[in-house]
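Novice: Once you've had a glance at the structure underneath, I'll fire off some questions.
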Amino acid sequence: MKKKLFFIIQICIVLVAANGFYGCNDTVTGTEDTMRGVSVLPNPMTAGQKVSISGPGFKDATKITFPGGVAVTDFTKAGEFQLNTLVPEGVASEGKISVTLPDGEFVIPLDVTIFSTRDLVAIAMDVNPVTKNYVVGPNDKLTIQGKGLGPIIEIMLPGGLSINSMNFAKKTDSYIEINIPMSGFDRNAVEPLQMKGQSGEIFYTANTLEWNGEGYIPPELLPFCGRSYKVWGWDVDKLPTGAFGNGGYNSNTGPTWWIPTVNSQYGGPGHGEGATMAFYLPNKMVLTLTNGTVYTGKFTVDVSKPVGTWSIGQLKITGGDEALSIVGGTKGPYNGTVDIIPKVFEIVTAGLTDTKMTLAFRYPAEPGTANFYLFSLLESGDDPE
């Protein structure tokens, strides 16, 4: 009896296991990208885009048929299972792909979606107020938006320069982002942007771009470096006394209490007349002292922290040499504090022009007091004459 019961249990185990294996071999259909060793990548896809189709025994395939009955015989084989081809034009927007094999037609049990590249628009940061066209130039970020951008492999700029997909800043099926190079396009061109797909087809944006060669520069940087660079020195209209000193923070717009000459010991060794500071796009700063010492680093302009209407924001100096500061921004105790080298300055609103600039450093231990530094433009890369 016990032996018979043992065999009955064994038979039950075998039946349960067999049922489990049978369940694993069920035919599965749906929208998943991979199932039972079969895959279609990418999915969704775009007409003209490269697609890889994998499945059992595909090494003997002679034809691939896409939704809508559009067949292709121009494809490559990779190993025993994978076929690579381009999605042909004229296909239906959705359906299934079939592969012709020696023993018949194999229908891929996957639903695929296919759409055409369309609704392409090129968007930049600057807009011409008269023509309403987007305006781009060197260093600009340009975004192409639309549908079906997967197969785009090259963007061609007026003048012959092109940017391939390896140099796209970002890419999805709905947008591509690029950075405009410094040269290589026709600055006088006003035309749509051209793009090339994997199949060699040329696509155009629906809107027109203006290529002016200037590029977008954040407006807060223009007073410091213009569109290339600017070199600053002490305000020639205030020398020898009046370009440096202290006064009330958030009340004065220049030195009013203590006004030494810039060549005195208070200006710091090497910070007198003849010392210069240069600001270069996008964020390089160079300080040159009268004795020839050069310090380099980076600068940023933060307009998110203005002091009422007295300041438009802050100049911040980072990186590079520890001793880097502005002309006159020398190491000091500042009324009882430990010795520091100023790195953050208020940009005083009054008198700020393309050729004049006033910066203020707030004393750390004396909130109502600031050093003021008044500067004149000495050289501009935008106007070398």
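The values are calculated or read from the model by the stated rules, or taken from the named source; none is laboratory data. Here the structure is a predicted model, which is why all the values come from computation and not from measurement. Note that we place each Cβ from the backbone using ideal geometry, even for glycine, and neighbour counts take in every protein chain shown. We work out accessible area using only protein heavy atoms, side chains counted, and drop any ligands, DNA or RNA first. Shrake-Rupley method; radii C 1.70, N 1.55, O 1.52, S 1.80 Å.
Novice: Using 0.36 nm times the number of residues separating K170 and W257, minus their current alpha carbon distance, what extension gain do you get?
Specialist: 25.9 nm
Novice: Hey, another quick one. Could you give the accessible area per residue of the chain, probe 1.4 Å, as a whole number in Å²?
Specialist: So the chain comes to 51 Å² accessible per residue, rounded to a whole number.
Novice: If the reach is capped at under 19 angstrom between alpha carbons, list the lysines near K96, excluding any in the same chain fewer than eight residues apart.
Specialist: Straight-distance partners of K96: K50, K63.
Novice: Helix 2-24 versus the longest principal axis of the chain: what angle, 0 to 90°, nearest 10, using Cα atoms?
Specialist: Orientation of helix 2-24: about 60 degrees from the principal axis.
Novice: Counting other Cβ atoms within 10 Å of each Cβ, which chymotrypsin sites (Phe, Trp or Tyr not before Pro) in region 201-310 have at most 15 and sit in a DSSP loop?
Specialist: Here the chymotrypsin sites (Phe, Trp or Tyr not before Pro) that fit, given the DSSP loop and packing criteria, are W257.
Novice: Quick one: dipole size for the chain, taken about the Cα centre, charges +1 on Lys/Arg Cβ and -1 on Asp/Glu Cβ, in debye to the nearest 20.
Specialist: Magnitude of the dipole: close to 1400 debye.
Novice: Starting from the Cα of D111, move 7 Å in the Cα-to-Cβ direction to define the label point; list residues of region 81-101 whose amide nitrogen is under 17 Å from there.
Specialist: 92-98
Novice: Turning to a different aspect of this structure: Which of rounded, prolate, oblate describes region 239-385, given a ≥ b ≥ c as roots of the alpha-carbon gyration tensor eigenvalues and a/c under 1.5 marking rounded, otherwise prolate only if a/b is larger than b/c?
Specialist: rounded
Novice: For K298, go through the lysines and keep the ones whose alpha-carbon is under 24 Å away, minus same-chain ones fewer than eight residues off.
Specialist: K141, K230, K284, K316, K331, K343, K356
Novice: Quick check of the Kirkwood formula: for the chain, what is the inverse mean of 1/r over all pairs of different Cα atoms, in Å?
Specialist: Over the chain, the inverse of the mean reciprocal pair distance is 26.8 Å.
Novice: Want the number for Q145 to E201: 0.36 nm per residue separation, take away the alpha-carbon distance, what's left?
Specialist: 18.4 nm
Novice: Another question about this same structure. Given the C-alpha atoms of region 185-322, compute the convex hull and give its volume per residue in Å³.
Specialist: 200 Å³
Novice: May I pose another question? Return the carbon/sulfur percentage of the accessible area of the chain, one whole number, probe 1.4 Å, all protein chains in place.
Specialist: Taking all protein chains in place, the chain shows 54 percent carbon and sulfur surface.
Novice: How about region 187-276: which trypsin sites (Lys or Arg not before Pro) there lie in a loop by DSSP and see at most 14 other Cβ atoms within 10 Å?
Specialist: Answer by residue number: R187.
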